[in-house]
Amino acid sequence: MHLTLLAFDWVLLLEKAVLILIIISVSLLVAMYETWGERKVAAFMQDRRGPNRAGPGGVFQPLADGLKLFMKEEIIPLSSSRFLFVLGPGLAMLTAMMTSAVVPWSSHFHLWGRDISMQIADVNIGILYIFGVVSMGVYGIMIGGWASNNKFSLLAAIRGASQIISYELAMGLSIIALLMITGSLSLKTIVEQQQVGHYYVLLQPLGFLIFLICAFAECNRTPFDLSEAENELNFGYHQEYSSMKLGFYLFAEYVNMFISSAVMATLYWGGYDIPFVNDASLVQSMGQNPVAILQVVSLFVKIVIFIFFFMWVRWTIPRFRYDQLMRLGWKVLIPLALFNMLATGAFILWRG
Amino acid sequence: MQPLTSRAKAVDRKPMNLWERMYIPAIAKGMSITFGHMFKKKPTVNYPEKKRPFSPVFRGLHVLNRDEQGRERCTACGLCAVACPAEAITMEAAERLPGEENLYREEKYAAKYEINMLRCIFCGLCEEACPKDAIYLSETFAPSNYTRKGFIYGKEELLIPDPVTQPEEFAKAKGQRH
């Protein structure tokens, strides 16, 4: 017993704990500044200036917003289901953060004679894990909407749940075509394959488009933000929430956006691979650690571009009607994804 | 039917063809429009740092004028209060006592002179009504305040600085005007 405990790699545990701490704080920081970025992008697209009072260019605006949310009165409606009401936003936040565990943020650092991997868990079923966690995200919305004991919240939650479930199908099918090429479910392996060969967006343009549209739907972002259609449902599933519980829901949406951008960049755009450069030869000339830092930067640039794209779409395209949403999901995206899957399979068979 | 304007355009109700039903080109077009707007000049003026220049005939906050020797011009005749369509002006007259000739130009003066800036519609009729050149509308507007009381301007707020005893303040308030 003692021997097995001693044989356990305690430094690895420490290493992972520090990595988890860093990744969670970075995703929260990114989510914070996404709110600022969203308001700035929205403003610029509408010929406005956006927040510019708090600090230079309004960079302290998210702090002010956060402080405001913390200062608000915390209201739990009497008719609500108290435990579930508190559980809802927590679950939304938890599932949003959990996805980041399998994303490789960089190759690895070489410090103190150890290779420190920049991935919390290199599980060989990474994509399945992501799917599992993302589909749990619907519980956050559903439980929150149901526990509020409010017709509009429940309606919004049902809308959100049905939308996420329908788009998950097309998303899964579009991923299957990708997996037929990669032959692996591990995100790390997928990135390493792209470092050597082409980015998979070149081989799977249709699959990427379907995945992108489904990612919008999964994040409940415009044009698929039916669950918070404020003109129809007052405020959506978080109508009864106030203070930081509301903040958690709003934050979870932005964390989701960050993580889905990271997943999209990893699956289709080479992840932490530095574009137009052979990373292996760069390691030869610069050493492992500088290249690892450059790779983090490269991944973050890709993520920021995707996040900008999310915002860009939000401030351009109006919201779908419910029947249009369902028609797009079931009658367009699923057949397209199936076709993409068959075409990819046929192509692989033809090439031998 | 005769179109009402030259820009009238009949609504096209033809069913969409395959290219249009793909929506992607239309979305791309819309997104290029929003992206183009990111680099457009913003019409917003950053107010406290930058102020929009007013025209010389701008009608802003009132000032009570003094003559060259720094004496108040207002004689509390009440013509401005009568002319005021919003009934924003009230005043109380008082008689000039011996020895106050350096303070007031005429024998009668306004002991109390108040303008309610919340009632005022800044029409400038008081300025036109005044026979003594005592009231003018300046190129500033009323700053925000927490209470209604703060918008009732008395003589302390309205009177311009004395050019004889407070020459620096007078020059500053006068600014580029002549």
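Please work out which one of (1) part of a helix (DSSP H, G or I); (2) in contact with a Ser or Thr (Cβ under 9 Å, 6 or more places away or on another chain) is the condition B:Phe54 fails and give its number.
Result: B:Phe54 fails condition (1) only.
Test A:Asp115 against the criterion of being among the charged types (D, E, K, R) and not in a helix (DSSP H, G or I), and give yes or no.
When the stated conditions are applied, A:Asp115 passes them.
Regarding B:Lys41, is this residue of a type outside the set (Phe, Trp, Tyr), at pLDDT 85 or above and closer than 30 Å to A:Ile213 by Cβ?
No; evaluated as a whole, the condition is false for this residue.
State whether the residues of the range A:61-73 include one that is more than 23 Å from A:Ser117 (Cα to Cα) and either within 14 Å of another protein chain (Cβ to nearest Cβ) or of a type in the set (Phe, Trp, Tyr) (or both).
There is at least one residue in the range A:61-73 that is more than 23 Å from A:Ser117 (Cα to Cα) and either within 14 Å of another protein chain (Cβ to nearest Cβ) or of a type in the set (Phe, Trp, Tyr) (or both).
Could you list all residues from the range B:18-39 that are more than 9 Å from chain A (Cβ to nearest Cβ) and either surrounded by fewer than 10 Cβ atoms within 10 Å (Cβ to Cβ) or among the hydrophobic types (A, V, I, L, M, F, W, C) (or both)?
Matches in the range B:18-39: B:Leu18, B:Trp19, B:Met22, B:Ala26, B:Ala28.
Restricting attention to the range A:7-50, and to residues there that are touching a residue at least 12 places away in the same chain (Cβ under 8 Å) and over 25 Å from the mean Cα position of the chain (by Cα), which single residue is farthest from the other protein chains (Cβ to nearest Cβ)?
Within the range A:7-50, the subset touching a residue at least 12 places away in the same chain (Cβ under 8 Å) is A:11, A:15-16, A:19-20, A:23-24, A:27-28, A:30-42, A:45-46.
Now drop any that are not over 25 Å from the mean Cα position of the chain (by Cα), which leaves A:11, A:46.
Working: A:Val11: 48, A:Gln46: 7 Å.
Only one residue fits best here, namely A:Val11.
Those residues that are under 23 Å from B:Leu118 (Cβ atoms) and away from chain A (no Cβ under 12 Å), I need them from the range B:47-56; list them, please.
The first filter runs over the range B:47-56 and keeps only residues under 23 Å from B:Leu118 (Cβ atoms), leaving B:47-48, B:51-52, B:54.
Selection gives B:Lys51, B:Arg52, B:Phe54.
Based on this model, can you work out whether A:Thr95 counts as more than 14 Å from chain B (Cβ to nearest Cβ), closer than 29 Å to B:Lys40 by Cβ and either touching a residue at least 60 places away in the same chain (Cβ under 8 Å) or in a helix (DSSP H, G or I) (or both)? Even if it seems obvious, please write down each step before you answer.
Working: more than 14 Å from chain B (Cβ to nearest Cβ): yes; closer than 29 Å to B:Lys40 by Cβ: no; either touching a residue at least 60 places away in the same chain (Cβ under 8 Å) or in a helix (DSSP H, G or I) (or both): yes.
No; evaluated as a whole, the condition is false for this residue.
List the residue pairs whose Cβ atoms are under 9 Å apart, where the first residue sits in the range A:220-234 and is assigned to a helix (DSSP H, G or I), the second is surrounded by fewer than 20 Cβ atoms within 10 Å (Cβ to Cβ) and modelled with pLDDT under 80, and the two are 6 or more positions apart or on different chains.
Hits for this filter: A:Leu226/A:Glu232; A:Glu228/A:Phe235.
Please work out if B:Thr44 is within 14 Å of chain A (Cβ to nearest Cβ) and buried (at least 18 other Cβ atoms within 10 Å of the Cβ).
no
Restrict the check to the range A:273-282 and report whether at least one residue is over 30 Å from A:Glu74 (Cβ atoms), among the aliphatic types (A, V, I, L, M), touching a residue at least 24 places away in the same chain (Cβ under 8 Å) and not in a helix (DSSP H, G or I).
yes
Return yes or no: is A:Ile259 in a helix (DSSP H, G or I), closer than 30 Å to A:Glu192 by Cβ, within 21 Å of the chain's Cα centre (by Cα) and within 14 Å of chain B (Cβ to nearest Cβ)?
Answer is no for this residue.
Select, from A:Pro77, A:Pro62, the only residue that is part of a helix (DSSP H, G or I) and touching a residue at least 24 places away in the same chain (Cβ under 8 Å).
Numbers: A:Pro77 fails: part of a helix (DSSP H, G or I).
So the residue among A:Pro77, A:Pro62 that is part of a helix (DSSP H, G or I) and touching a residue at least 24 places away in the same chain (Cβ under 8 Å) is A:Pro62.
Quick one: in the range A:320-337, which of the residues that are in contact with a Phe, Trp or Tyr (Cβ under 8 Å, 6 or more places away or on another chain) and of a type outside the set (A, V, I, L, M) is nearest to the other protein chains (Cβ to nearest Cβ)?
Per the stated criteria, the residue is A:Phe320.
Can you find a residue that is out of contact with any Leu (no Cβ under 8 Å at 6 or more places or on another chain) and without any contact (Cβ under 8 Å) to a residue 24 or more places away in the chain anywhere in the range B:113-120?
no
The values are calculated or read from the model by the stated rules, or taken from the named source; none is laboratory data. As the structure is a prediction and not an experimental result, all values here were calculated from the model. Positions of Cβ are backbone-derived with ideal geometry, glycine not excepted, and every protein chain shown enters the neighbour counts.
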